[in-house]
1. Can you run the Rg to Rh ratio on the range 18-165? Use alpha carbon positions and the Kirkwood inverse-distance Rh.
2. Roughly how many nanometres apart are two label points built 7 Å out from the Cα toward the Cβ at Ala197 and Leu41?
3. On a 0 to 90° scale, report how tilted helix 90-110 is relative to the longest principal axis of the chain, with both axes built from alpha carbons and the result rounded to the nearest 10.
4. Would you list the P(r) distribution for the range 37-107, with all Cα-Cα distances sorted into 5 Å bins from 0 and each bin expressed as a whole %?
5. Express in % the proportion of alpha carbon pairs of the range 1-56 at distances exceeding 19 Å.
6. What is the magnitude of the charge dipole of the chain about its Cα centre, with +1 placed on the Cβ of each Lys and Arg, -1 on the Cβ of each Asp and Glu, and no other charges, expressed in debye to the nearest 20?
7. Of Phe79, Leu94, Tyr63, which is farthest on the positive side of the dipole of the range 11-117, counting Cα position, with +1 on Lys and Arg Cβ, -1 on Asp and Glu Cβ, and the Cα centre as origin?
8. Non-local amide H neighbours of Gln212 (under 5 Å, H modeled in plane, Pro and chain starts lacking H): which ones?
Amino acid sequence: MFLGHFALALAAKKAAPKASLGTLVLSAQFADCLWPVLLLLGVEQVRIVPGLMRASPFDFVSYPISHSLLMQLVWGLAFGVVYLLWRRDLRTALIVGALVPTHWLLDFLAHRPDMPLYPGGGPKVGLGMWNSVPLTLIVEYGLLIAGVAIYLTATRSKGGHNIAFWSLIVFLAVVYPASLFGPPPPSVRALAFSALAIWLTIPWAAAADRHQAQKL
Ligand SMILES: [Zn+2]
């Protein structure tokens, strides 16, 4: 899942208007922010197997720190506690923390049964949405459109066009099919470095959010 995680961050703005969209994106995408770092450190492993699934050539050999359900819950708790200490806002901290393990749920829909429940073995699960390109496109873009709509009902522009916001949405909408239909990355190292680009979306989303005010 890719766009779906951003969609949940956008939608969460309605429930947590005080949180920056940058914080919400970091929360919903924390697993995919961590993953390329852990790949480069050699802690987690992936193999590139062209044709493995219709919508993904990645064999996620091992990624328990970034993508197991238990660790997602731990990261969510840590994220919520840090936010609470920083902002002293329990309600927002709960939403920001709870957003972290939603990543696992959405990936569970998309991945083949490669999602660990906890580190160190045990069953792996996944519903395999990526076996179908049309289903993947409908779900990913459907979620993105819903997320954008909810964000725009919860906020209003402080004036003029929000170029940061719309450029981010267009960037996401274009980069996703490019990765889906383009050639697979030439190496795991190349994949990890390109996946690090996800960190850029955090300050980008924060800048977009500064241009929006809460709708009363
Ligand atoms: Zn993920």
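1. Numbers: Rg = 17.0 Å, Rh = 16.9 Å.
Expressed as Rg/Rh, it is 1.01.
2. 2.4 nm
3. So the helix axis and the longest Cα principal axis differ by about 30 degrees.
4. Here the calculated profile for the range 37-107 is 4, 16, 17, 18, 17, 12, 8, 5, 3, 1.
5. Values: 724 of 1540 pairs.
Within the range 1-56, distances greater than 19 Å cover 47 percent of Cα pairs.
6. 660 debye
7. Toward the positive end, the furthest listed residue is Leu94.
8. Lys158
Values in this text are rule-based calculations from the coordinates and carry no lab data. Being a predicted model, the structure only gives us computed values, none of them experimental. Virtual Cβ from ideal backbone geometry, glycine too; neighbours counted across all protein chains shown.
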